[in-house]
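Below is one structure, written out as structure tokens; comments come after it.
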């Protein structure tokens with residue numbers, strides 16, 4: 001199984017800050033990497049697919065990058081509604097595996 | 001638009017079985033794999049397996065082999081996930097996920113809470 005290492009596990013930030021979350025995989029997955037936002041009691045919401053493609057309807061302050069084993073999710077100009085948990089997922093092969101999540105909290 | 005609507009919450013006793021349904025709309029059901037993923041309270045996401053709605057073929061995660069069965073009824077565009085011999089650590093939210101491929105991404109159902117308690 002492909003192991004996912006996501007960092008940091010949590011961070012505190014202020015509205016307007018630029019935030020970057022990192023996801024590393026145990027083997028190369030090309031760009032088969034998705035990023036999600038999850039709020040308490042809600043299903044995961046996909047933000048980025050194929051490492052850098054913005055899902056329709058997702059604000060452009062979210063961006064993704066990377067390939068191979070190293071990936072990033074950046075939020076440029078954090079908004080109040082962005083305080084949530086974010087996690088990565090690889091779909092290069094099954095079993096799909098997920099990062100453990102990064103909780104973004106208000107400073 | 002694409003929608004995956006799951007069945008409602010369930011409460012089961014240890015040793016029982018549960019069936020969760022996932023009704024698809026807004027696309028041709030047989031064209032895309034349906035995966036099942038679960039999330040225990042306060043925990044991460046775990047892939048359980050996938051179903052090819054066209055052929056009925058399945059692949060299950062080793063962790064759930066022998067306890068999980070994924071099926072479908074193409075006449076009503078619905079996928080099912082059966083989990084047997086339930087334990088307390090099966091308490092989780094179960095999600096169905098449509099895999100529309102690399103160039104589109106995934107669509108998730110709203111989730112179904114299964115609580116296993118004596």
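Any read-out appearing in this document is the output of simple, stated calculations on the displayed coordinates, not a laboratory observation. As the structure is a prediction and not an experimental result, all values here were calculated from the model. Please note: Cβ atoms are built from the backbone with ideal geometry, for glycine as well, and neighbour counts cover all protein chains shown.
Okay, here's what the table says:
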read-out	value
Inter-label distance, nm, simple model (7 Å from Cα along the C-beta direction), residue B:71/residue B:87	2.5
Theoretical gain in end-to-end length, residue B:118 to residue B:59 [0.36 nm per residue, Cα-Cα removed]	18.2 nm
Part-to-part distance (alpha-carbon centres) for region A:48-107 and region B:14-81, which is given in Å	25
Alpha-carbon Debye profile of chain B, log10 I(q)/I(0) at 0.11, 0.18 Å⁻¹	-0.33, -0.88
Compactness relative to 2.2 N^0.38 Å, alpha carbon Rg of region A:1-106	0.99
Stretch gain in nm, segment residue A:100-residue A:12, where the contour uses 0.36 nm per residue and the Cα spacing is subtracted	30.0 nm
B:83, A:54 arranged by Cβ crowding within 10 Å, fewest neighbours leading	A:54, B:83
For peptides A:97-103, B:51-57, sequence by mean Cβ density within 10 Å, most packed first	A:97-103, B:51-57
Relative packing of peptides A:27-36, A:59-68 - highest average C-beta neighbours within 10 Å first	A:27-36, A:59-68
Whole-number percent relative contact order across chain A, with pairs defined as alpha carbons under 8 Å at least 6 apart	38
Other protein chain Cβ atoms within 10 Å, averaged over every residue that makes up B:102-111	5
Computed FRET value (nearest 0.05) for residue A:92 with residue A:42, which takes r as the C-beta separation and R₀ as 30 Å	0.70
Residue order, fewest to most surrounding Cβ atoms within 10 angstrom, among B:34, A:21	A:21, B:34
Fraction of the pair-distance distribution of the protein assembly as shown above 28 Å, Cα-Cα pairs, percent	30
Length-normalised contact order for chain B - Cα pairs under 8 Å, 6+ apart - percent	36
Kirkwood-based Rg to Rh ratio, region A:27-73, C-alpha trace	1.01
